[in-house]
Amino acid sequence: MEAMRSMRERASRLRIAAALFAPWGDDYRAAYEEAREALGPQAPALPTAAVRRRLERDVLAAGAPASALPVESLYRPWAAAPEGAGGGAPRGGAADFGAARHLFLGDSAQHMRELYRRLQLEVPPPFAAMPDHVVLLAETVDLFAQAGNAEAVAAMMDDHFGWLGDYRTELAVRREALDARADVGIPQADELARALDHAAALADGLVALADDLALSVRAIDGRWDREQTHR
Amino acid sequence: MRCNPTRRTFLKGTAATAVLAAGGACSLGAWQREQAEAAGALTSGPSLCNGCSSKCGLVATTRDGRLWTVEGMEEHPYSKGTLCGRGHGTAQWAYSDGRLTQPMKRVEDGSFAPISWDDAFAEIGAKVQEIVAEAGPEALAIIQDPRPSGKYYSKRFMNALGSANVYTHAAACNLSKESGIEQATGAQNFSVDFANTKMVVFIGRSYGDAIRPSSVKSLAGAAAKGARVVIVDPRLNNTGVFATDWVPIKPGTDIALLLGIANVLVTRDLYDHEFVEQHAVGFPEFAAQVADYTPEWAEGICDVPAATIEELAESLAAAAPACAIEPSWRAAFGCAYQNSFETARCVCAVNALLGSWGQKGGALLTSSPKAGDLDPAKFPKVPAPASPRLGDEEYPLALSGTGTNLAVLNGCNDGAIQGVFFYNSNAVQGYAQPAKWREALAKAKLVVTIDVQMSETALESDYVLPECTVLERLELPEFIGGKKHYVALRTPVLERIHPETKPCDEIFAGLAEACGVGQYFPFTVEELADAQLASVGTSLDEVREAGIVELTDPEFAYGVPTFKTPTEKFQFTSEKVGTAGLNPVIGYVGRLVEPAEGEFFLVGGKQGIHSHTMTMNLEALNAISREYGLERLWMATSDAESLGIADGDTVEVESSEATGQVTVKVTERLKPGVLFLPTHYGSTSPYLTRAQGLGINMMDFVPLHLEPKVGSVMSQEVAVKVRKVEG
């Protein structure tokens, strides 16, 4: 019972932390307040409005100067389906983009779409291309946790959170790239740098909370020998 | 989207507790195994590639709604079952993280912020109406790189506003070449009958590096049959695998080579008398001029030995009429030099002397289909704008269908143009000196770009409107000419991936409504496409199903064509050229810029996996460039040795306009004194995170100057210095 309660708490905290990667606009303070209440000293510092604005526009947006979206498909091989599989091999064989990354709607997104279908959940239009956005992944984990389905929580953590380390690396790469080209056409580059630093702090927090949740799930039933998810 | 802070969840619907609590969720691995074993819903749909302007037919197959393969459409005359590297790479755009996914507006601090479509349309509409009220509709302009829907909607939109200022990218592509061909033949282009040719001479053009799998196949077929294939180019380009000869030539002097060949044909009486006497005008004046253009004279200009020029002429004469000088595209005389227009006329003149026009194995003029008249009740006619297009008077030889887009640059500078729209065009980076474009656009009151990514042009805009990618949209029919006529179109193979992107027909209709001319867009693209197709005897359903439909046989036949010139004959002399202030008789014009001692010619060209500045941010294509160092500047081995430069060194390139550093490729495949720079690199948009900073952009180095009377950009009229960067 204690382990189950612990799992539910950790899943809720993960969801709240992940929600900070959503586009809040001018209402972002309320999201950070909720995080502060739920996470205590682990909560991220409240950014200035300017930094939060740059985070949402130039980091957490596709096609942006420091674009680093927390969307699983972008950090995984796009498709794993083997060549010619699936009844009537198409001309040309396997998906052309099998190994490519940085593409939306890869296998992880398709899998999440199937899960949402089974759970009768709909992805809101702004996330249509990103059903595997960390906001939605964490929310799904939380739904399973609150329903007491530790197996499903473990499966989700194992399948859909292992990329957070790569995401953290991507943020670091963007930060280095910004430093290298700060003189090339980016208004208030220092502000963008702070936005990237803040994103990194959010990502670090998320990684820690995901690890925490994975450990708590392991404690419920030793059948699942899950490794820490962020490695 | 803004999140509601009182509702901390995003997924909609209420998953039943029982479902959530029931057993294990299907793991990713289990789901992948299920997918592999399941039949999967495979669906195929036709489209036209957007990797370049060829628009080769393709078939895209999806599996359960996700892109599975793209392949060249077998029946399409440009692909013939094959897609080039661009075609495969650009299919990634649909899923790329580098796409724009919502409309953007430049805000006070210079950055871009999201804006809703409704607000974007309203604000743009208000500014357009303000410009029209203050300066008239002629202060508005649009520049577009033609695509099936884009070319229709952009023209209709601008004309509906009352402006004639509709331009294509041609001034930075093939304007000079097509204008020159038009003055000589009445057509804007021609093709070589590769199936039957005995000899073909390429001036700068490289099928192996750019455009159309079918062209490569045709050339391969000709080479396999033993045709002589001559590449005239400072660089041994990748068409060299099919060539029998490489003629290294001084850049911008192809015209001298051609006139030297003409001299031999005329003075040694090797030309086709019947053609010249029955089907041409102006030959006596041309012959009188060409008498001076001896092979020795030509050698002094183009650095090709006189003996080579003589041998080429004699071989062409022997092969005639089953031979031709190939028309090229952009390469050596599309827009490159002060003499590009005249070079194109010379190409046509040599083909005329050879009697190859319309002959088996020669230079063919074919026809193109087009849509018939449509019901004006459903598709209202747009009144013709009152004022002429800006630039037409100063550049009377520019094609009526394209104009010169550099008139917009100049117009922004002098205030004649105050509002500019760009569709599928990265003018700032590719059409002329980028600094000059930026300077000009900064003076405009309104700049709007419609694109899939934040290009350099988008970066200079007030509003950027994201189009959905080709595989997500239906477009108007594309009519395809040649010996046979076809029609094909782009159909949506994928569901819209990003909901806040739109196809250009919806964007232009929305803009028109906001600008007060919505009454000219009372139809959907489906309705218009169906009507256009009905006018040529088919339907939207038929073309969707078949992918491509063959139209009424134009009944092509070999034989001297009807030249649609004012004289109805081939024109060795053109009245219009004379009226424009140039020599009416096809003759010699030199290049403008001559490198001084220690300077180099600089030429550019395409690579087989890229198109101009469009493709460099695509992950797969960018990765290939980086893997193979494709951004490198080519330098001849002897030049490198004399400068102490080794393969892989970093060099600084300097012109009157810019300096830049790039890695060098030292090669024997280049004429000494010449540098070759692939023209896809040097992006400066921080939004194009993969492209930015890789290599250098040729246009940065070229001064802004326009070809007289034509208005092309003279993209290779530049001399540069090079030095090794130490350390």
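Observations on the model:
- Count of the range B:459-470 residues which are outside any loop (DSSP other than H, G, I, E, B), more than 10 Å from chain A (Cβ to nearest Cβ) and within 22 Å of the chain's Cα centre (by Cα): 3
- Meets criteria (part of a loop (DSSP other than H, G, I, E, B) and closer than 30 Å to A:Ile186 by Cβ) for B:Glu500: yes
- Scan of the range A:113-140 for residues that are outside any loop (DSSP other than H, G, I, E, B), in contact with a strand residue (DSSP E or B) (Cβ under 9 Å, 6 or more places away or on another chain) and more than 20 Å from A:Val207 (Cα to Cα), ordered by number: A:Tyr116, A:Glu122, A:Phe127
- Flag if B:Val722 is farther than 30 Å from A:Ala66 by Cβ and surrounded by fewer than 24 Cβ atoms within 10 Å (Cβ to Cβ): yes
- Residues that are under 18 Å from B:Gly362 (Cβ atoms) and either in contact with a Ser or Thr (Cβ under 8 Å, 6 or more places away or on another chain) or free of Cβ contacts under 8 Å to residues at least 60 places away in the same chain (or both), drawn from the range B:193-206: B:Phe194, B:Ala195, B:Met199, B:Phe202, B:Ile203, B:Arg205
- Test result for B:Val304, surrounded by fewer than 24 Cβ atoms within 10 Å (Cβ to Cβ) and either in the same structural domain as B:Arg228 (by TED's automatic domain parsing) or in contact with a Cys (Cβ under 8 Å, 6 or more places away or on another chain) (or both): yes
- Checking A:Phe161 against (1) at the interface with chain B (Cβ under 7 Å from one of its Cβ atoms); (2) in contact with a Ser or Thr (Cβ under 8 Å, 6 or more places away or on another chain), the condition it does not meet: (1)
- Selection status of B:Pro554, touching a Phe, Trp or Tyr at 6+ places or on another chain (Cβ under 8 Å), of a type outside the set (Phe, Trp, Tyr), part of a loop (DSSP other than H, G, I, E, B) and surrounded by fewer than 21 Cβ atoms within 10 Å (Cβ to Cβ): no
- Test result for B:Pro321, in a helix (DSSP H, G or I) and either modelled with pLDDT of 95 or more or within 24 Å of B:Phe194 (Cα to Cα) (or both): no
- Residue list for the range B:29-58, restricted to those being closer than 30 Å to B:Arg330 by Cβ and among the polar types (S, T, N, Q): B:Ser47, B:Asn50, B:Ser53, B:Ser54
- Test: residue in the range B:393-402 that is under 27 Å from B:Ala122 (Cα atoms) and at pLDDT 95 or above: no
- Selection of the range B:478-531 for residues being surrounded by fewer than 22 Cβ atoms within 10 Å (Cβ to Cβ), under 18 Å from B:Pro146 (Cα atoms) and free of Cβ contacts under 8 Å to residues at least 60 places away in the same chain yields only B:Glu506.
- Which numbered condition B:Gly81 misses (of (1) farther than 30 Å from B:Leu446 by Cβ; (2) facing chain A (nearest Cβ under 9 Å)): (2)
Quick grid of which residues meet (1) within 21 Å of the chain's Cα centre (by Cα); (2) more than 14 Å from chain A (Cβ to nearest Cβ):
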site	(1), (2)
B:Asp647	no, yes
B:Arg669	no, yes
B:Ala691	yes, no
B:Leu706	yes, yes
B:Val713	yes, yes
B:Lys721	no, yes
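- Residue in the range A:121-134 that is over 30 Å from B:Thr90 (Cβ atoms) and facing chain B (nearest Cβ under 9 Å) present: yes
- B:Gly136 vs. criteria at positive phi and within 11 Å of another protein chain (Cβ to nearest Cβ): no
- Residue within the range B:608-615 that is in the same structural domain as B:Glu668 (by TED's automatic domain parsing) and surrounded by fewer than 20 Cβ atoms within 10 Å (Cβ to Cβ) present: yes
- Condition check for A:Ala61: at pLDDT below 90 and within 10 Å of another protein chain (Cβ to nearest Cβ): no
- Total residues in the range B:23-52 satisfying the condition of being more than 10 Å from chain A (Cβ to nearest Cβ) and at pLDDT below 90: the figure is 0.
- Residue check, A:Ala147 touching a helix residue (DSSP H, G or I) at 6+ places or on another chain (Cβ under 8 Å), buried (at least 23 other Cβ atoms within 10 Å of the Cβ) and either more than 10 Å from chain B (Cβ to nearest Cβ) or among the hydrophobic types (A, V, I, L, M, F, W, C) (or both): no
- Of all residues in the range B:109-126, those that are within 25 Å of B:Leu140 (Cα to Cα), in a loop (DSSP other than H, G, I, E, B) and within 10 Å of chain A (Cβ to nearest Cβ) total 2.
- The C-beta contact set for the range B:306-333 (first residue under 20 Å from B:Leu364 (Cβ atoms), second residue β-branched (Val, Ile, Thr) and assigned to a loop (DSSP other than H, G, I, E, B), distance under 9 angstrom, 6+ apart or interchain) comprises B:Ala319/B:Thr197; B:Ala322/B:Thr197; B:Cys323/B:Thr197; B:Ala324/B:Thr197; B:Trp329/B:Ile211.
- Within the range A:164-188, the set of residues being within 9 Å of chain B (Cβ to nearest Cβ), assigned to a helix (DSSP H, G or I) and either in contact (Cβ under 8 Å) with a residue 12 or more places away in the chain or crowded, with 19+ Cβ neighbours inside 10 Å (or both) comprises A:Arg174, A:Ala177, A:Leu178.
The values are calculated or read from the model by the stated rules, or taken from the named source; none is laboratory data. Note that the structure is a prediction, hence the values are computed from the model and not measured. Because the Cβ atoms are built from the backbone with ideal geometry, glycine has one as well, and the counts that use them run over all protein chains shown.
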